2 protein chains.
Amino acid sequence: MSTSATPRERLLDAAGELFYRDGVNIGVDALCKAAGVSKKSMYQLFRSKDELIAESLASRGPAYQLLLHPGPEDDRSPRERILTVFERQDELVASGNYLGCPYVSTAVELKNPEHPGSVVARHFKQQLTDFFHRELVKAGAEDPSTLAIQLTMVFDGANARAVVRAQPLGGIGAVTAAALLDAAGVHAGEFALN
Amino acid sequence: MSTSATPRERLLDAAGELFYRDGVNIGVDALCKAAGVSKKSMYQLFRSKDELIAESLASRGPAYQLLLHPGPEDDRSPRERILTVFERQDELVASGNYLGCPYVSTAVELKNPEHPGSVVARHFKQQLTDFFHRELVKAGAEDPSTLAIQLTMVFDGANARAVVRAQPLGGIGAVTAAALLDAAGVHAGEFALN
DNA sequence: GAAAACGGAAACCGATCGGTTTACTGTGAG
DNA sequence: CTCACAGTAAACCGATCGGTTTCCGTTTTC
């Protein structure tokens, strides 16, 4: 049951879900009630609500990446590994209750780029760009840095579309990413010569 | 001075600015104080705060579009007119205090796609896509509908990047849009034959 | 078995939330 | 002059905000 995890784990889990579903303005009382943790415990585990925002965001990172990135055992071409991210995004949106990238959404809500939560968001967004960059280098792309940023932008643009329209994306993200990869000469099954 | 406008105009202006700068969770009291309008007046001009959110968002629309879209007097090619949007976006971000597209940000904060503010956001996002679509048809693009959506996604992806990184974009949006236009065969100075 | 630490329930704090109401001021129309 | 209206200031409502504190039961530790 849920009380088997430590109060800290329960808090991080509940915070990750509720901050995402209801926004960072949800109250600390509701949060603690959902986690089955007293406010006293919360405030001796975290300095403030702001810190809990940042830490819950960070704790969600690995699972979110696992959901989107292909694993190292996936030995398809870099292009296919990159497109996997957009296909998984599509599935997430189609499965409903998707409210956009948690990092971007939180950064948008916080407004302040120096908020600890915004710092975490920046870090994880960079990790997605870094993944694209690694794959593009493997594929021998000409300008992997620019292209990695462009793919990240397509990813976030697709998220924005999903949030605003509240409808499935219909593969438009993958199609757009593929167009950019095509234009850069990153083809299917292609690895860099070495 | 600011009190020369009607209470309704002052409220819409203040709401447009404060909802954007501080988020839709800013209090009605602070809003009315900034607008120099009593709460009583506010609540007989608008049914609820939610309605004020939607109406202030809608009232900002024309100015925001004027800021981004090239005017009808700009008789450059469709491609150049499209790229103008991304160049203006770049300038907005570089000018500081840019917190992303007001429509997307509000939709992200509201979470609920049926909120009247979300409906307005959807409508204005569609207007940007429609602008791209019109230009692409003028240029004789092969699949203007898909490409218009892709350009909108690039626009919103650039916004997300600007919000998360809180740094200038360095033209990456225009570069990406140009790459997609290139790939679709929409070239500089090109108009459809007719 | 005693002592100490852990942690939940709930009261409490001043401030603010969205929204309503009362009281008062200015202003324009008849 | 008077009446009606528009609009502000401010009190008020119950609820909730982030955060602290008190109380008490349970578990761990020696």
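The values are calculated or read from the model by the stated rules, or taken from the named source; none is laboratory data. These numbers were taken from a predicted model, which means no experiment stands behind them. Every residue, glycine among them, receives a Cβ derived from its backbone with ideal geometry; neighbour counts consider all protein chains shown. These accessible areas exclude ligands, DNA and RNA; they are computed on the full protein's heavy atoms, side chains included. Shrake-Rupley method; radii C 1.70, N 1.55, O 1.52, S 1.80 Å.
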For the protein assembly as shown, what is the Kirkwood hydrodynamic radius in Å, using each pair of distinct C-alpha atoms? 22.2 Å
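By Kyte-Doolittle mean hydropathy of at least 0.5 and Cα axial length of at least 27 Å, which whole DSSP H helices of chain B are selected? Don't skip to the answer; put the middle values down first.
Numbers: long enough: B:49-68 (28 Å, 0.08); B:116-138 (33 Å, -0.45); B:144-165 (31 Å, 0.59).
Membrane-span-like by this criterion, though nothing is claimed about a membrane: B:144-165.
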A/B buried area, accessible surface, summed, 1.4 Å probe, Å²: 3000 Å²
Space enclosed by the convex hull of the alpha-carbon atoms of the stretch A:1-46, per residue, Å³: 63 Å³
Per DSSP helix of 4 or more residues, -39500 (n - 2.57); summed, then divided by the residues of chain B. What does that give at 222 nm, rounded to the nearest 500? -22500 deg cm²/dmol
Fraction of alpha-carbon pairs in chain A farther than 24 Å apart, rounded to whole percent, equals 45 percent
At B:LYS33, label 7 Å along Cα→Cβ: distances to the other copies, nm, ascending? 2.9
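Only four residue types carry charge here, +1 at the Cβ of Lys and Arg and -1 at the Cβ of Asp and Glu. Report the dipole size of the stretch A:98-194 about the Cα centre in Debye, rounded to the nearest 20.
On the way: 7 positive and 9 negative charges, 66 e Å.
Dipole magnitude for the stretch A:98-194 comes out near 320 debye.
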Report, in debye and to the nearest 20, how large the dipole of the stretch B:8-49 comes out about its Cα centre when Lys and Arg carry +1 and Asp and Glu carry -1 on their Cβ. 220 debye
How shielded is B:43-49 by partner chains, expressed as the average number of their Cβ atoms within 10 Å of its Cβ atoms? 0
How many Lys pairs in the protein assembly as shown lie less than 25 angstrom apart by Cα atoms, where the lysines are 8 or more positions apart or on different chains? 22
Taking r as the C-beta separation of B:ARG76 and B:GLN127 and R0 as 30 Å, the FRET efficiency to the nearest 0.05 is 0.90
How much net charge surrounds B:TYR64 when only other residues with a Cβ under 12 Å from its Cβ are counted (Lys, Arg +1; Asp, Glu -1)? +3
How many partner chain Cβ atoms sit within 10 Å of a residue's Cβ in peptide B:144-157, on average, as a whole number? 6
Hey, how many Å between the Cα centroid of the stretch B:108-169 and the Cα centroid of the stretch A:1-79? 30 Å
Here the correct list, in nm and shortest first, of distances from B:ALA188 to the same site in the other copies, label points 7 Å along Cα→Cβ, is 3.4
In chain A, taking the dipole from +1 charges on Lys and Arg beta carbons and -1 charges on Asp and Glu beta carbons about the Cα centre, the listed residue (A:THR6, A:ALA121, A:LEU151) farthest towards the positive end is A:THR6
Once you charge only the Cβ atoms, +1 for Lys and Arg and -1 for Asp and Glu, what is the size of the charge dipole of chain A about its Cα centre, to the nearest 20 debye? 740 debye
Along Cα→Cβ at 7 Å, what distances in nm separate the A:ARG134 label point from those on the other copies, shortest first? 4.6
Assuming R0 = 25 Å, can you tell me the calculated FRET efficiency for the pair B:ASN25 and A:GLU114, based on Cβ-Cβ distance, to the nearest 0.05? 0.85
Surrounding charge for B:VAL163, neighbours by C-beta under 11 angstrom, Lys/Arg +1, Asp/Glu -1, total +2
Roughly what percent of Cα-Cα pairs across the stretch A:31-135 reach past 19 Å? 54 percent
Which single residue of chain B puts its beta carbon nearest to the axis of rotation relating B to A, and what distance, in whole Å, does that give? B:GLY157, 2
